[in-house]
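K.L.:
There's a structure below that I have some questions on.
Readers should treat all values here as calculations from the given coordinates under stated rules, not as data from a laboratory. These numbers were taken from a predicted model, which means no experiment stands behind them. All Cβ positions, even for glycine, are placed from backbone atoms using ideal geometry, and neighbour counts span all protein chains on display.
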Amino acid sequence: MRAVLEGLEQRHGTALLTQRTRQVVLGSYVALVVLLLIGGLQLQAQSSSGLLPVLVRVLPLVLFFPTLYTRRPRGHAWLAFVSLLYFMQGVMLATLPGKTWLGLLEVVASLALFVSSMLYARWRSRQLRG
């Protein structure tokens, strides 16, 4: 795997790879937030707990917004680890009747966020080192 990533770096350069992975990070981040809002609003409609289900689902991702804005590699690595929580939640949702599509979409978005965040952290830190 390391040889493949180093080959990509030599072929395309870290600047281009960093730019492309950042685009995927932002796209998957937005997709995951939208999916979490949809799931939270559906859950809120079923119970009378107010906006708490929406807040509990979206707040951990919203806390990483400054990291995305400042483009810090370490923050992107932490975002990748937090996205695995949403992967587990998506797998659990996929087992519920009537929520399979939402769970599978959440799994795909969280996996895309995980992979792209880790790659962005790798290539951005190498880019900053020089």
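K.L.:
For the charge dipole of the stretch 52-130, defined by +1 on Lys and Arg C-beta atoms and -1 on Asp and Glu C-beta atoms about the Cα centroid, which residue among 52, 116, 82 has the Cα displaced farthest towards the positive pole?
P.N.:
116
K.L.:
Also, quick follow-up: Taking θ as phi - 60°, what are the ³J(HN,Hα) couplings along the stretch 30-44 by the Karplus curve (6.51, -1.76, 1.60), each to the nearest whole Hz, with x for Gly and Pro?
P.N.:
3J(HN,Hα) across the stretch 30-44, in whole Hz: 5, 4, 5, 5, 5, 5, 5, 5, 4, x, x, 5, 5, 5, 5.
K.L.:
Taking the Cβ of each residue in 115, 30, 4, 25 as the centre, tally the other Cβ atoms inside 10 Å and list the residues starting with the fewest.
P.N.:
Ranking 115, 30, 4, 25 by Cβ neighbours within 10 Å, fewest first, gives 4, 30, 115, 25.
K.L.:
How much length, in nm to one decimal, is gained on full extension between residue 100 and residue 46, taken as 0.36 nm per residue of separation minus their Cα-Cα distance?
P.N.:
17.7 nm
K.L.:
Want the number for residue 82 to residue 24: 0.36 nm per residue separation, take away the alpha-carbon distance, what's left?
P.N.:
19.2 nm
K.L.:
Using the number of other C-beta atoms within 10 angstrom as an exposure proxy, rank 125, 47, 83 with the fewest first.
P.N.:
Sorted ascending by nearby Cβ count, the order is 47, 125, 83.
K.L.:
Find the centroid of the Cα atoms in the stretch 76-130 and in the stretch 1-66, then give the distance between the two in whole Å.
P.N.:
6 Å
K.L.:
Shifting gears a bit: Using only the Cα atoms of the stretch 14-129, what are the Rg and Dmax in Å?
P.N.:
In Å, with Rg to one decimal and Dmax whole: 15.0, 51.
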